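> One structure, pasted below without further comment.
Where a number appears in this text, it was derived from the coordinates with a stated rule and is not lab data. Computed from a prediction, not measured in an experiment: that's the story for all the values here. We place every Cβ from the backbone using ideal geometry, glycine too, and count neighbours over all the protein chains shown.
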Amino acid sequence: MDASQATPTLKARGLTFGYGGEAVQIDVSFDVKQGSIFAIMGESGCGKSTLLKVLIGLLRPSAGTLHFGAQDYWSMEDPTREAFGKRIGVLFQGGALWSSMTVAENVALPLQMFTGLSPASIDALVQLKLSLVGLDSGRTSMPADLSGGMRQRAGLARAMSLDPEILFLDEPSAGLDPIAAKRFDDLILELRDGFGVTVVMVSHELASLFGICDDGIFLDAQSRSVIARGAPTMLRDRCDNVTVHAFMTREKPNADAINVAERTP
Amino acid sequence: MAIQVDGADTLVILSGDWTIGDSEAAAAERETWLDRQGLKAIVFDTRRLGRWDSSLLVYLAGLRRNAVPRSIRFDDGGIPVAAQRLLALLPESVTAPAAPTRRPGLVETLGVAAISAWIELAAVTTLLGGQVLQAGAASFGRARMRRADLLTCIYDAGIAALPMVALVNVLVGAILAFVGAIELRRFGAEVYIANLVGIAQVREMAPVMTAIVMAGRTGGAYAAEIASMQASNELDALSVLGVPIQDYLILPRVLALTLMTPLLYLYGSFVGILGGFAVAVSMLDMSPELFIAQTRDAVTMTQVIFGFTKSIAFAALIAIAGCRIGLKAGRSTTDVGHAATHAVVVGIVGVIVVDAIFAVCANALGI
């Protein structure tokens, strides 16, 4: 599918949000196209994760609208909005698996809660999702016994358990070694291609951003606004903004620091 | 260290070891020569400098900080390259510390405390009301709660607590018998030890001691469990799915504790009287038949119902307080510990306060 011609799945207009009356970002607008992998980028503390909270319904924005398809998300009645949670999947930082349940129970819970399926069907679905993420052997493990990469995979299987339309990922490759991170990126690509799910991810891992994201926005902490938009590779190659350039190329924008480097033998 | 003045330039000769362990870090602020008229530059000679570490950097950074506002050139060409590079990382001037936040006055503190207490009361009342409604829904099988969770909670709050509740109540019953014996013997009224143990145990000691044990082991655990779920985003994962946390997490805990504590109370009363019985019969030479007859005479159904009702109230208080404190906890790992401690304290103090209210009411009603 040509992502540029598809209808936006997620449409944000003028979102302003923050904690305790203090705005973290002001007037954030963007479209996420059906089937794309959309990156929310920016330096630490710029409000990426806070924006994600607004998108997944955990934090009400102080201004602006958010549309999922034709539906205005934040003006829905609370029960309707909560029911909407079934249509999105979220992978939190570190997986956030429910620690009192096995991996299989974690993946099964959304199915038990929201579908009337028989235990046998649920079991088959759980098995499928765990196999897809490569966790066949770990289904009876408790989350505490898994490695970081496995926990992340289990979290992804849980996020995908209800076959969501949009998958939100919060720092999916944080804390993973480069090989595990690459495998995880490939997995996201395969799930996108296979299920046609739209992916929105918060990340500052350059390898992930360049490897799989085809669109995105760059949030700036100082101006509290979106300072660049587009695919990460395009921003790397063609964006003039100092902050964005420094982020994408890992060069320090500070002139003094460069002088020091030149002066040292 | 020596300082050599040469025209407009000042040559600072650094020699010997400059390490943290050797001497106090030299304070550049104490160098009076910085204020000398006509001083244009500071240069360094470090040919005889020995080992150095952060204490040298503290001195150099101080000199540079003082040189800048006096328009004195700070020439770091003479100092070791490694030190130059470290010095380059430091800001040339110290940023002023943020103005201290204004301390709120007494009136403001009281006002904020009163408003937050009011809001908290409303939140707890809402939680309690919600739980009562949900408990009704659950009895018709309409609550979003996993049966496995309820059974786990019932095991934790019931069977697993039996040994500790038994131990505490047996000992309290035995202590009551001993204490009573000393006083009652003076009046030749040892026979009333059974009455004392029976009434005290059923009315006061068993409900309160059982509740305190439950506040310590279960209330604290509820707060810690929920707070740690908060810290690892597990609660967010539930909310996003649209799983009501009230049904799913709180209800099984509140139900389990309010169902199990009254049963533990009955058990605690029984073993408490048994403890008194053992002491009275074996050490105070009371006949077993007499003790049983006196106890049956003294402990009426009203007393049991009174104690039973109290332990339901205590359990609801402990469970709601534990869950609420867990939900309110912050997202760091230290918050988990704070939540657990706080829940235990609120549970124990709350139980005693509610017990006092019950005592006043009972007195008014003549129970």
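> Taking every DSSP beta bridge that has both residues in the protein assembly as shown, what percent is antiparallel when rounded to the nearest 5?
45 percent
> Another one. Quick check on the exposure proxy: order A:Asp237, A:Asp214 from fewest to most C-beta atoms within 10 angstrom.
A:Asp237, A:Asp214
> If you average the alpha carbon positions of region B:77-147 and of region A:135-170, how far apart do those two centres end up, in angstrom?
If you average the Cα positions of each part, the centres end up 30 Å apart.
> Using only C-alpha atoms and all pairs of different ones, pull out the Kirkwood radius for region B:185-317 in Å with one decimal.
17.1 Å
> Let me understand region B:156-207 better: what is its radius of gyration from the alpha carbons, and its Dmax, in angstrom?
13.3, 46
> Additional query: State, to one decimal in nm², a quarter of the convex hull surface area for the C-alpha atoms of region B:59-155, i.e. the direction-averaged projected area.
For region B:59-155, averaging the hull's shadow over all directions gives 16.0 nm².
> Calculate the dipole size of region A:6-263 relative to its Cα centre from +1 charges on Lys and Arg beta carbons and -1 charges on Asp and Glu beta carbons; express the result in debye to the nearest 20.
100 debye
> Using every Cα-Cα pair within chain B, state what percent have a distance larger than 40 Å.
So the pairs more than 40 Å apart make up 49 percent of the total in chain B.
> B:Arg185 versus B:Val353, label points 7 Å from Cα toward the beta carbon: distance in nm?
Label at B:Arg185, label at B:Val353, 4.2 nm between them.
> A further question follows. Need the C-alpha centroid separation for region B:299-331 versus region B:226-295, integer Å.
Computed from Cα coordinates, the inter-centre distance equals 9 Å.
> Obtain the radius of gyration and the Kirkwood radius of region A:79-180 from its C-alpha atoms and give Rg over Rh.
For region A:79-180, the value is 0.96.
> Determine the gain in length on full extension of the stretch B:Gln84-B:Arg36; use 0.36 nm per residue of separation and subtract their C-alpha separation, reporting nm with one decimal.
Going from the current span to full extension adds 14.7 nm.
> Using only Cα atoms, tell me the angle between helix B:147-157 and the longest principal axis of chain B; keep it within 0 to 90° and round to the nearest 10.
That helix lies at roughly 90 degrees to the long axis.
> What's log10 of I(q)/I(0) for region B:95-247 at q = 0.11, 0.13 Å⁻¹, Debye sum over Cα points only, no solvent?
So the normalised log intensities work out to -0.78, -0.91.
> Could you tell me the largest-minus-smallest coordinate of the C-alpha atoms of chain A on each of the three principal axes, in descending order and whole angstroms?
Here the spans come out as 68, 48, 40 Å, largest first.
> How long is the gain from B:Val360 to B:Thr302 if the chain were fully straight, where each residue apart is worth 0.36 nm and the alpha carbon distance is subtracted?
Gain on stretching B:Val360 to B:Thr302: 19.3 nm.
> Do you know the relative contact order of chain B, to the nearest whole percent, from alpha carbon pairs under 8 angstrom that are 6+ apart?
It rounds to 18 percent for chain B.
> Between B:Leu11 and B:Glu120, what is 0.36 nm times their sequence separation minus the Cα-Cα distance? Round to one decimal in nm.
32.6 nm
> Follow-up question, since we're still on this one. Over region A:14-122, consider all pairs of different Cα atoms and compute the Kirkwood hydrodynamic radius from their mean reciprocal separation; express it in Å, one decimal.
When all Cα pairs of region A:14-122 are included, the Kirkwood radius is 16.2 Å.
> Here is a further query. Would you work out which of B:Ala224, B:Gly141, B:Val112 lies farthest towards the positive end of the dipole of chain B? Charges go on Cβ: Lys and Arg +1, Asp and Glu -1.
B:Gly141
> So, one more: For every other residue with a beta carbon closer than 12 angstrom to the beta carbon of A:Asn106, add +1 if it is Lys or Arg and -1 if Asp or Glu, then tell me the sum.
Net charge in that neighbourhood comes out at +3.
> Note down, for the protein assembly as shown, the three equivalent ellipsoid semi-axes (square root of 5 times each alpha carbon gyration tensor eigenvalue), biggest first, whole angstrom.
For the protein assembly as shown, the semi-axes come out at 61, 41, 22 Å.
> So which of A:Lys11/A:Lys182; A:Lys11/A:Lys53; A:Lys129/B:Lys328; A:Lys11/B:Lys328; A:Lys11/A:Lys48; A:Lys48/A:Lys182 end up more than 27 Å apart by C-alpha?
Correct reply: A:Lys11/A:Lys182; A:Lys129/B:Lys328; A:Lys11/B:Lys328.
> Can you check what the net charge comes to around B:Thr109, using other residues whose Cβ is under 15 Å from the Cβ of B:Thr109 (Lys, Arg +1; Asp, Glu -1)?
+1
> Rank B:Ser311, B:Ile72, B:Thr10 by how far each Cα sits towards the positive end of the charge dipole of chain B (+1 on Lys, Arg Cβ; -1 on Asp, Glu Cβ) and give me just the farthest.
Final value for the positive-end residue is B:Ser311.
> Turning to a different aspect of this structure: Once you have the alpha carbon radius of gyration of region B:258-367, what is it after dividing by 2.2 N^0.38 Å, with N set to its residue count?
Here the Cα radius of gyration is 1.43 times the empirical estimate.
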